[in-house]
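The values are calculated or read from the model by the stated rules, or taken from the named source; none is laboratory data. For clarity, every value in this text was computed on a predicted model and none was experimentally measured. Every residue, glycine as well, gets a Cβ built from its backbone with ideal geometry; the counts of neighbours run over all protein chains shown. For the accessible areas, the whole protein counts, side chains as well, though only heavy atoms, and no ligand, DNA or RNA atoms are used. Shrake-Rupley method; radii C 1.70, N 1.55, O 1.52, S 1.80 Å.
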Amino acid sequence: MSHFGKWLLLSMTVLLAPSFAHADDLTNETRYRVALAGLPIARANFKTEVKDKHYSITADINSAGLATLVTRISAQATVSGLVGANRLEASRYTLYYTKGRKARTYDVVYHDGNVTSTTTTPAPRRPDNWIPVTESDLRSVLDPISGLIFPGNTDVCAQTLPIYDGETRMDLKLSPKGSRRFTTDGYKGDTVVCGVRFTPKSGYKKNRDDYAYLSKSDDMEIWFAKSASINVYAPVYVRIPTKYGTVTITAVKYGS
């Protein structure tokens, strides 16, 4: 997966999910715009469905604007599991990713927060300086989609999120940075702003330039908005510094 494509998909963990404690049957749809240095490069649609305490989230992500002049990138992701008392508990995460004519599928199975199997098709070639994912890396982890959804009573910015996306194991350490106003279709009000420190753990090429750049940066942010009707925090804005400019992901519709 290309460096840009991997960070685009990591960024696209923004979506709206149901209340953990009182989830009834429901459907939500949320849309996002992705920009690089202010220029549109992608769009994304997320759909969340809950039925009988089971949830599924599907995402459709496509390159847009000037990015399509270079190469077309698209992804379809699905995560499903149970609505627990304190978190969404993933049981399976699948990502189908295409760049031009190349395609790859990542499939991860979870049980009680631990990864029980992970498959990549076709199997990638790993360079000699690849840092392999160990068995201990796959314990008590979150999927890259529902891992960023929190119950309404959570101290959001006090979290360290152990994310595994089917290839890379990373920590996202959140820290409080105050609040900001945010307005979009479906939401108007204050957001909780968290700084984010990115730490790659395993499943990546050693001395990778983009990971080294981001791990040293203190400019990454996620803004979380609380939905009063379903009592959860979810991201509505993400800022990711890169060597090529700042990537922003902005909710243009927050829920349905």
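The table that follows gives values for the structure above.
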item	result
Members of segment 80-103 found to be within 18 Å of the chain's Cα centre (by Cα), modelled with pLDDT of 90 or more and closer than 21 Å to SER63 by Cα, listed by number	THR94, LEU95, TYR96
Selection from segment 1-60 of residues that are assigned to a strand (DSSP E or B), among the charged types (D, E, K, R) and modelled with pLDDT under 85	GLU29, LYS47, GLU49, LYS51
Hey, ARG72 modelled with pLDDT under 90 and over 18 Å from ILE163 (Cα atoms) or not	yes
Among the residues listed as PRO127, PRO200, the single one being open to solvent by less than 80 Å² (accessible area, probe 1.4 Å), in a loop (DSSP other than H, G, I, E, B) and either touching a strand residue (DSSP E or B) at 6+ places or on another chain (Cβ under 8 Å) or modelled with pLDDT of 95 or more (or both)	PRO127
Hits in segment 154-179 - residues which are loosely packed, with under 13 Cβ neighbours inside 10 Å and over 16 Å from the mean Cα position of the chain (by Cα)	ASP155, ALA158, GLY178
One residue from ASP107, ASP137 being surrounded by 14 or more Cβ atoms within 10 Å (Cβ to Cβ), within 25 Å of ASN45 (Cβ to Cβ) and at pLDDT 90 or above	ASP107
All positions within segment 218-244 that are modelled with pLDDT of 90 or more, surrounded by 15 or more Cβ atoms within 10 Å (Cβ to Cβ) and outside any strand (DSSP E or B)	MET220
Options PRO151, PRO122, PRO132, PRO127; residue that is of a type outside the set (Ser, Thr, Tyr) and within 20 Å of the chain's Cα centre (by Cα)	PRO151
All positions within segment 70-106 that are within 20 Å of GLU49 (Cβ to Cβ), of a type outside the set (A, V, I, L, M, F, W, C) and assigned to a strand (DSSP E or B)	GLN76, THR78, SER80, GLY81, GLU89, SER91, ARG92, TYR93, THR94, TYR96
